[in-house]
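The values are calculated or read from the model by the stated rules, or taken from the named source; none is laboratory data. All figures in this text were calculated on a predicted structure; none of them were measured in a lab. Here the Cβ positions follow ideal geometry from the backbone for every residue, glycine too, while neighbour counts run over all protein chains shown.
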Amino acid sequence: MNKSGKLFIVPTPIGNLKDMTLRSIEVLNSVDYILAEDTRTSQPLLQHYNIQTPLKSYHSFNEHYILQNILIDLKNNKNIALISDAGTPAISDPGYLIVKHCIDNNVKVECLPGPTAFIPALVCSGKPLHHFVFIGFLPIKKGRQTKLQEISLLPYTIVLYESPHKLLKTLNDLKNIFGAEKPIGISREISKIFEEHLRGSIEEMIQHFTKHLPKGEMVIVI
């Protein structure tokens, strides 16, 4: 790899380690260092592929403080990779800010294709795919109801992320906005052993997850 001072956005598996691409492994082996959302989470993946490139912490709580140092390294012809805990960085994960700063400072950015949770969930939902809107996580409190009202007016398929312990609250909020009979899809544990794709009304999903404790990160398709 020619040393050209480039930021590589490298997707990592969302479950199955075999989803790591050969190109991603090559890049992670070649850069000067890797920015990781949580170095403890990323270390097992790197060990699995015998990647010995140095790791540095980069997450939503420190990104504003270390951005200038990263830009200095990039300007000094260092190649740097950014990974998140799982999936593609900047998709409901840190990454947007550093990409924007690189672009603003004429630093090259390259994003490798790879895993992200909402695409398999969207395809397996059976919903129309020609137009869809990715919302990500809903606001926890402030602006939550406003956002729900906004998405209820959209004439497109809608994709949401949700954590297992907040799933039932979100489903009940959706029920209040869309009605109990609104058909939705919920995917969990994508690419893992217990991958599951459920389809039914919002009320049916509420009943299901009331009886079965939600586990794993959830993708909701409306």
Practice task
Quickly run through the range 37-51 and pick out the residues that are touching an Asp or Glu at 6+ places or on another chain (Cβ under 9 Å) and of a type in the set (D, E, K, R).
Solution key: E37, D38
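Residue under question is L17, and the condition is that it be under 21 Å from P115 (Cα atoms) and either surrounded by 19 or more Cβ atoms within 10 Å (Cβ to Cβ) or over 18 Å from the mean Cα position of the chain (by Cα) (or both); does it hold?
no
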Exercise for the section: Considering every residue within the range 164-174, establish whether at least one is surrounded by 14 or more Cβ atoms within 10 Å (Cβ to Cβ) and in a loop (DSSP other than H, G, I, E, B). Expected result: no
Practice task
Just one of (1) in contact (Cβ under 8 Å) with a residue 24 or more places away in the chain; (2) crowded, with 16+ Cβ neighbours inside 10 Å trips up P183, so point out which.
Solution key: (1)
Handout entry: In the range 54-64, residue farthest from L22 (Cα to Cα) [restricted to those that are touching a residue at least 24 places away in the same chain (Cβ under 8 Å) and surrounded by 15 or more Cβ atoms within 10 Å (Cβ to Cβ)]
Key = E63
Exercise for the section: Please work out if I202 is among the aliphatic types (A, V, I, L, M), in contact with a strand residue (DSSP E or B) (Cβ under 7 Å, 6 or more places away or on another chain) and within 20 Å of I91 (Cα to Cα). Expected result: no
Completion exercise
Across the range 90-129, the tally of residues that are under 17 Å from L160 (Cα atoms), over 12 Å from the mean Cα position of the chain (by Cα) and either among the acidic types (D, E) or assigned to a loop (DSSP other than H, G, I, E, B) (or both) stands at 4
Exercise for the section: Go through the range 28-54 and give me each residue that's of a type in the set (A, V, I, L, M), farther than 29 Å from F194 by Cα and more than 20 Å from the chain's Cα centre (by Cα). Expected result: V31
Handout entry: Leading residue by the ranking (nearest to the chain's Cα centre (by Cα)) among those in the range 191-216 that are of a type in the set (A, V, I, L, M) and at pLDDT below 95
Key = I193
Exercise for the section: Can you confirm whether the range 13-33 contains a residue that is charged (D, E, K, R), assigned to a helix (DSSP H, G or I), at pLDDT 95 or above and over 26 Å from E217 (Cβ atoms)? Expected result: yes
